[in-house]
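Engineer: Below: one structure in structure tokens.
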Amino acid sequence: MKALAYNPNSEKTSFLELIETNKPELKANNAIVKVTGVGICGSDLLKLNRALVKPGTILGHEMVGIIDEIAPEMSQQYGFKQGDRILSSHHVPCLECDYCLRGKESLCTKFKTTNFNPGAFCEYLELSEDHLKHTVQKIPGGMTDEVASFTEPVACCIKAVRHCEHMMVVARPYLQSASLTHHGPKVPDAIQTKVLVIGLGSIGLIMGQVIRHDFPNSQITGLDLQETRLKLALELGFDQSLSALQTDNIFNIIFLCAGANATVDLASKHAANGAIIVVFSSTPDETHFSNNDIYYKELTVMSSYSPNLENLKESLELLSKGEIKVDKLISHRSNLSELGANIRDCSSKGIKTYLDIQ
Ligand SMILES: [Zn+2]
Ligand SMILES: [Zn+2]
């Protein structure tokens, strides 16, 4: 089968090389999936550009596909059959360790070591029993592959925003008795939460929509340098989108979705007293938050990495109801052989690339 592998010498094609490799084989406890599409994630690009994986590695995790073969016992036990349109995320938590029991599934050792075999930049991949049991979901009828491929990234954003709901309640003792529902704590109408999303790539544009869903009354500002992204943010429900901030722009919650060194300083500067800063991307260099800003302004710097299983289920639900809109986030579509060129073009003027492997 055809696949795209990481090759440090293929700079012209975004470090991707089209190779021929063996199709994974059906075993007693797995399923083979014909990959039909996969979203290209910022983390894939990071791994390629910063040589964070071994040569020959096949990346790709925002996968959708069709079950090509499934072991009879797996089919019986988990209810999937040949021909089912499915999606799956790549990591599976153990649900038993200290992290998992504390709701920090993405810190679980098993979570970090599980993966598809190989990654989804290929024609066929193998899903383990763990995947079939926990992460595989059927794609609802009527939902396109493109939309379904956003299940994992949207789930990542849901978890990040939910972290803040918790902080909002803890930060306000008089709200502690208020019920914490999935639609957010009941913040008194008089208090308006000003939220800033730095970086309006696909993740920033999704984050804004999840914030709107959870905090309907919040005032959401997006910050980015690209004109098309600023316009799209307004279409997707941001209250304003800016290419620069003024000194008096301050915010109660700031999401760092840009992966740029300068955003760390920017966040501290524009954080209101008592603000929450949510780190949601890595930076090229080691950057630091100021101890004294955190102390005197009582800032909470927190992070959210990858989703929990419950976030993946809710994500698919929100996507199927159209509450999170992702259609316009795919700026580039590609086949296997042209992916490298498309990724390059997308990183200079696009939002997200989708690899179509029909
Ligand atoms: Zn991803
Ligand atoms: Zn665990």
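A short reminder: the numbers here are calculations on the coordinates, not readings from a lab. Model, not experiment: these values are computed from the prediction. All Cβ positions, glycine included, derive from the backbone under ideal geometry; neighbour counts span all protein chains shown.
Engineer: Show me the ranking of peptides 208-221, 338-351 by mean Cβ neighbours inside 10 Å, starting with the highest.
Structural biologist: 208-221, 338-351
Engineer: Here is a further query. Explain nothing, just compute: Karplus ³J(HN,Hα) = 6.51 cos²θ - 1.76 cosθ + 1.60, θ = phi - 60°, for every residue of the stretch 128-140 in order, whole Hz, x for Gly and Pro.
Structural biologist: 7, 4, 4, 5, 4, 6, 10, 10, 7, 10, 6, 7, x
Engineer: Over 31 Å between C-alpha atoms is what I'm after, so list which of LYS104/LYS138; LYS12/LYS138; LYS2/LYS110; LYS34/LYS325; LYS133/LYS321; LYS112/LYS297 land there. Show your work: numbers first, answer last.
Structural biologist: Details: LYS104/LYS138 25 Å; LYS12/LYS138 37 Å; LYS2/LYS110 29 Å; LYS34/LYS325 26 Å; LYS133/LYS321 24 Å; LYS112/LYS297 34 Å.
Result: LYS12/LYS138; LYS112/LYS297 exceed 31 Å.
Engineer: If amide hydrogens are placed 1.01 Å from N in the peptide plane, which non-local residues have theirs closer than 5 Å to the one on GLY274?
Structural biologist: Under 5 Å from the amide H of GLY274: GLU298, LEU299.
Engineer: A further question follows. Could you tell me which of rounded, prolate or oblate describes the stretch 21-67, using a ≥ b ≥ c as the square roots of the eigenvalues of the alpha-carbon gyration tensor, with rounded for a/c under 1.5 and, failing that, prolate when a/b is larger than b/c and oblate otherwise?
Structural biologist: oblate
Engineer: Hey, could you grab the Kirkwood Rh for the chain? Inverse mean 1/r over distinct alpha carbon pairs, Å, one decimal.
Structural biologist: Every distinct Cα pair counted, the radius reaches 21.2 Å.
Engineer: Further, regarding this structure: Mind checking which aspartates and glutamates have their C-alpha under 18 Å from LYS194, skipping anything on the same chain fewer than 8 residues away?
Structural biologist: The reachable aspartates and glutamates, counting only those whose Cα sits under 18 Å from LYS194, are GLU165, ASP214, ASP224, ASP239, ASP248, GLU298.
Engineer: Ranking MET143, MET1 by Cβ neighbours within 10 Å, fewest first, what do you get? Intermediate results must be reported in sequence, preceding the final value.
Structural biologist: Numbers: MET143 18, MET1 15.
Going from sparsest to densest Cβ surroundings: MET1, MET143.
Engineer: Find which of VAL326, LEU200, ALA275 sits farthest along the positive direction of the dipole of the chain, computed with +1 on the beta-carbon of Lys and Arg, -1 on that of Asp and Glu, about the Cα centre.
Structural biologist: Of the listed residues, the answer is ALA275.
Engineer: Name the helices (complete DSSP H segments) of the chain with a Cα length along the long axis of 24 Å or more and a Kyte-Doolittle mean of at least -0.5, or state none.
Structural biologist: 151-170
Engineer: Separate question: Between the stretch 129-145 and the stretch 47-75, what's the alpha-carbon centroid distance in Å?
Structural biologist: 14
Engineer: Moving on. Which of rounded, prolate or oblate describes the stretch 1-155 when judged by the alpha-carbon gyration tensor and an a/c cut-off of 1.5?
Structural biologist: oblate
Engineer: Counting only residues 5 or more places away or on other chains, whose amide H sits under 5 Å from the amide H of SER303 once H atoms are built in the peptide plane?
Structural biologist: Sorted by chain and number, the residues that satisfy this are VAL279.
Engineer: Same structure again: Return the sequence-ordered ³J(HN,Hα) values of the stretch 286-301 in whole Hz as given by the Karplus equation 6.51 cos²θ - 1.76 cosθ + 1.60 applied to θ = phi - 60°, using x for Gly and Pro.
Structural biologist: Couplings: 5, 10, 10, 8, 6, 4, 6, 4, 4, 6, 6, 9, 6, 7, 10, 9 Hz.
Engineer: What value does the stretch 206-257 have for Rg/Rh, both radii from Cα atoms and Rh as Kirkwood defines it?
Structural biologist: Details: Rg = 10.7 Å, Rh = 11.4 Å.
So for the stretch 206-257, dividing Rg by the Kirkwood Rh gives 0.93.
Engineer: If each residue's Cβ is checked for other Cβ atoms within 10 Å, how do ILE253, ILE32 rank with the fewest at the top?
Structural biologist: Going from sparsest to densest Cβ surroundings: ILE32, ILE253.
Engineer: To the nearest 20 debye, what charge dipole does the chain have about its Cα centre, counting +1 at the Cβ of each Lys and Arg and -1 at the Cβ of each Asp and Glu?
Structural biologist: Magnitude of the dipole: close to 280 debye.
Engineer: Give the long-range amide H neighbours of THR57: residues separated by 5 or more places, or on another chain, with amide H under 5 Å away, using H modelled in the peptide plane at 1.01 Å from N.
Structural biologist: Here TYR6 satisfy the definition.
Engineer: About the Cα centre of the stretch 1-119, how large is the charge dipole given +1 on each Lys and Arg Cβ and -1 on each Asp and Glu Cβ? Please answer in debye to the nearest 20.
Structural biologist: Once rounded to the nearest 20, the dipole reads 240 debye.
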